[in-house]
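One structure is given here, and the rest of the page talks about it.
The values are calculated or read from the model by the stated rules, or taken from the named source; none is laboratory data. All of these numbers come straight from a predicted model, not from anything done at the bench. Quick reminder, even Gly has a Cβ in these numbers, built from the backbone with ideal geometry, and neighbours come from all protein chains shown.
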Amino acid sequence: MKALEEFLAEKREITIHTVASYARQYLREQWQVVFQEQEEKLLQMYATAGEPTYGYYGRVLFRPLHEQLKQEGFICEPDFPGDFRTTSIEYWGPPEERERCLWCVVRNEQGTVLGTIVTQFFHDHTQLRIPHPPGVFVLEETENQAILEALSHASTRLRGLTHEEAHKAVATRPAQPAWEYSVEVGLADYLDSQHIEISEGLLDSALAVWGRNGWELTTVVPHQGRLIAFFKRPAKDRM
């Protein structure tokens, strides 16, 4: 792919989104290449060291991009994509597809803050595997507490990885039982406090609609005066 210098030369305006766009393209092209080139060493490391192997993989993958950013005058604090100890968080996903977000604040050569680049690093805690290409997105927030608050919203993190990429990334995995899920936020509306005797019939009727379509009620959670019902059923493409 093009070097960052050439990529920037083609742009009329250089913003944090320009930088993130290049980072996203670089990582999507290189994540598998680097893994394949380092696979023998990664497997040896994982057999003896386990999880820290992902740190080594990340350093090999991210270092060339950081060097290009540095050469073009961008200042990343800390070094791109961020520090695993101080500017990263890992809260989301099952063990097979765990998501860690790392971030760094980016300044231009004049020291002006451009924004924050967040990199999503997906990895498997049950075996050595990178299930998705890294995601990259931009935040306006530049203070750690504000960044953590923004990352706590799933809608923010969804900017980094498209559904098409996620499905493609898992397509090569062995067939396993899979589920799809859905949510009903209006279940409390079927409870009639004035005529409690009819509530049972109303709830039966509401749940029967889900049942007819193959959904199984898994749990009900009260939230801010409402009842949120969670349903699941076997994923249609696996039936």
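Is it fair to say residue 15 is modelled with pLDDT of 95 or more and surrounded by fewer than 19 Cβ atoms within 10 Å (Cβ to Cβ)? When the stated conditions are applied, residue 15 passes them. Taking the listed residues 112, 53, 86, the one that is assigned by TED's automatic domain parsing to the domain that holds residue 152 and within 24 Å of residue 159 (Cα to Cα) is 86, with no other qualifying.
Considering only residues in the stretch 113-157 that are of a type in the set (Ser, Thr, Tyr) and more than 30 Å from residue 50 (Cα to Cα), the one that is farthest from the chain's Cα centre (by Cα) turns out to be 142.
From the list 36, 71, the lone residue that is without any contact (Cβ under 8 Å) to a residue 24 or more places away in the chain and more than 19 Å from the chain's Cα centre (by Cα) is 36. Inspection of the stretch 104-120 identifies no residue that is under 30 Å from residue 178 (Cβ atoms), free of Cβ contacts under 8 Å to residues at least 40 places away in the same chain and in contact with a Lys or Arg (Cβ under 9 Å, 6 or more places away or on another chain). Annotation: of all residues in the stretch 46-60 being touching a residue at least 40 places away in the same chain (Cβ under 8 Å) and surrounded by 15 or more Cβ atoms within 10 Å (Cβ to Cβ), the one that is farthest from residue 29 (Cα to Cα) is 46. The criterion of at least 1 residues that are closer than 28 Å to residue 39 by Cβ and of a type in the set (S, T, N, Q) is met by the following strands (runs of 3 or more DSSP E) wholly inside the stretch 53-156: 88-92, 113-123.
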